[in-house]
1. Calculate what fraction, in whole %, of the accessible area of the chain sits on carbon and sulfur atoms when a 1.4 Å probe is rolled over the protein chains.
2. Can you pull out the chymotrypsin sites (Phe, Trp or Tyr not before Pro) in region 14-77 that DSSP calls coil and that have at most 10 other Cβ atoms within 10 Å?
3. How long are the semi-axes of the ellipsoid equivalent to region 34-81, from square roots of 5 times the Cα gyration tensor eigenvalues, in whole Å, largest first?
4. What is the local net charge at E73, summed over the other residues whose Cβ is closer than 15 Å to its Cβ (Lys, Arg +1; Asp, Glu -1)?
5. For the chain, what is the mean residue ellipticity at 222 nm derived from helices alone (per DSSP H run of n ≥ 4: -39500 (n - 2.57); sum divided by total residues; nearest 500 deg cm²/dmol)?
6. Expressed as a fraction of 2.2 N^0.38 Å, the rule-of-thumb size for a compact globular protein of N residues, what is the C-alpha radius of gyration of the chain?
7. Counting only heavy atoms of protein chains, what accessible area per residue, in Å², does the chain have with a probe of 1.4 Å?
Amino acid sequence: MSIIEVNHLTKFYGKARGIVDVSFNVEDGEIFGFIGPNGAGKSTTIRLLLSLIYPTKGNARIFGRDCIQDGYEIRRDIGYL
């Protein structure tokens, strides 16, 4: 079972790029590191996963729940800063 599923997630701020076509899965029991240089889109991706901002296109699920529709429940069940 995938704990996190991200499919073609894209975020633009007007003409500025946030992230483009990000896709990955994190399976149950897997340790996943989210690293990259400044400006790579790490924070943008996490903010999208927590529905603190909304994607331009694409979708994501955590624990089988849609990140946009079920954002409150997801944030209630996980820790984030």
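The values are calculated or read from the model by the stated rules, or taken from the named source; none is laboratory data. What you are looking at is a predicted structure, and each value in this text was computed from that prediction instead of being measured. Because the Cβ atoms are built from the backbone with ideal geometry, glycine has one as well, and the counts that use them run over all protein chains shown. Protein only, heavy atoms only, side chains kept; ligands, DNA and RNA dropped before computing areas. Shrake-Rupley method; radii C 1.70, N 1.55, O 1.52, S 1.80 Å.
1. On the way: 2850 of 5390 Å².
Solvent-exposed carbon and sulfur of the chain make up 53 percent of the total.
2. Those that pass, being in a loop and sparsely packed, are F32.
3. The answer is 19, 13, 9 Å, longest axis first.
4. +1
5. Details: 2 runs with 15 residues, N = 81.
After summing the helix terms and dividing by residue count, I get -5000 deg cm²/dmol.
6. Scaled against compact globular proteins, the figure is 1.05.
7. Values: 5390 Å² over 81 residues.
Counting only protein heavy atoms, the per-residue value for the chain is 67 Å².
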